[in-house]
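J.: After the structure tokens below, expect a handful of questions from me.
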Amino acid sequence: MSSTGIGTVGDINLSPFQNEEAAYRFVEQCVWPEGPVCPRCGGSKRVRPLRGRSVRMGAYKCYACRKPFTVKVGTILESSNLPMRKWLQAIFLTSREGERLDANTLHHALDVAPRTASYVLQRVQSALSAAEQPVQRPRDDSGQS
Ligand SMILES: [Zn+2]
């Protein structure tokens with residue numbers, strides 16, 4: 001069986017693509033290089049990981065505002081039930097393949113439903129292209145005449 005090949009990536013550490021916990025850790029390190037930050041109040045001092053069998057993967061609680069959250073809050077990953085590792089696979093493939101990647105390829109590569117694949121592709125492509133835009137400077141008035 002051949003696939004589009006998450007496994008063909010050479011020297012990249014693949015565990016975040018295969019292991020859900022590693023995927024969360026990977027994303028957390030990108031989003032929170034200095035440790036978890038509450039997306040609601042911006043605090044980090046009173047944030048603790050939530051533990052227990054019924055707790056969602058990657059859940060934290062901010063004891064300042066008493067709200068639980070995960071690293072997904074406020075990102076394109078929010079409000080999606082897709083496993084984090086599949087998002088990472090999609091982001092990786094999209095950044096490697098660019099516009100050549102289509103939803104059908106992603107559907108096979110991630111082993112997800114076609115509708116999910118096109119949803120993910122759309123969100124990842126728009127996030128990546130937004131990231132490539134130069135920083136917006138809406139209040140730059142130096143060009144006014
Ligand atoms: Zn908070």
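The values are calculated or read from the model by the stated rules, or taken from the named source; none is laboratory data. Keep in mind that this is a model prediction, so the values were computed, not measured. Cβ atoms come from the backbone with ideal geometry, glycine included; neighbour counts cover every protein chain shown.
J.: Among the residues in region 74-94, are any loosely packed, with under 12 Cβ neighbours inside 10 Å and over 21 Å from Gln125 (Cβ atoms)?
T.: Among the residues of region 74-94, not one is loosely packed, with under 12 Cβ neighbours inside 10 Å and over 21 Å from Gln125 (Cβ atoms), which makes the answer no.
J.: Kindly check whether there is at least one residue in region 125-133 that is modelled with pLDDT under 90 and assigned to a loop (DSSP other than H, G, I, E, B).
T.: Yes; the residues of region 125-133 include at least one that is modelled with pLDDT under 90 and assigned to a loop (DSSP other than H, G, I, E, B).
J.: It is to be established whether one or more residues within region 80-101 are within 16 Å of the ligand (Cβ to nearest atom) and in contact with a helix residue (DSSP H, G or I) (Cβ under 7 Å, 6 or more places away or on another chain).
T.: Of all residues in region 80-101, those within 16 Å of the ligand (Cβ to nearest atom) come to none.
No.
J.: Can you tell me which residue in region 17-47 is farthest from the ligand (Cβ to nearest atom), limited to those that are of a type in the set (Lys, Arg) and modelled with pLDDT of 95 or more? Don't jump to the end; show me each part of the working.
T.: Step one: filter region 17-47 for residues of a type in the set (Lys, Arg), giving 25, 40, 45-46.
Filter again for modelled with pLDDT of 95 or more, leaving 45-46.
Values: Lys45: 10, Arg46: 7 Å.
Only one residue fits best here, namely Lys45.
J.: Right, next: What about Arg96, is it under 23 Å from Ser118 (Cα atoms) and over 14 Å from the mean Cα position of the chain (by Cα)?
T.: Values: under 23 Å from Ser118 (Cα atoms): yes; over 14 Å from the mean Cα position of the chain (by Cα): yes.
Answer is yes for this residue.
J.: Can you give me the number of residues within region 48-62 that are loosely packed, with under 13 Cβ neighbours inside 10 Å and within 16 Å of the ligand (Cβ to nearest atom)?
T.: Residues in region 48-62 being loosely packed, with under 13 Cβ neighbours inside 10 Å and within 16 Å of the ligand (Cβ to nearest atom): 2 in total.
J.: For region 108-129, which residues satisfy the criterion of being surrounded by fewer than 14 Cβ atoms within 10 Å (Cβ to Cβ) and of a type in the set (D, E, K, R)?
T.: Asp111, Arg115
J.: Those residues that are touching a Ser or Thr at 6+ places or on another chain (Cβ under 8 Å) and hydrophobic (A, V, I, L, M, F, W, C), I need them from region 89-105; list them, please.
T.: Leu93, Leu101, Ala103
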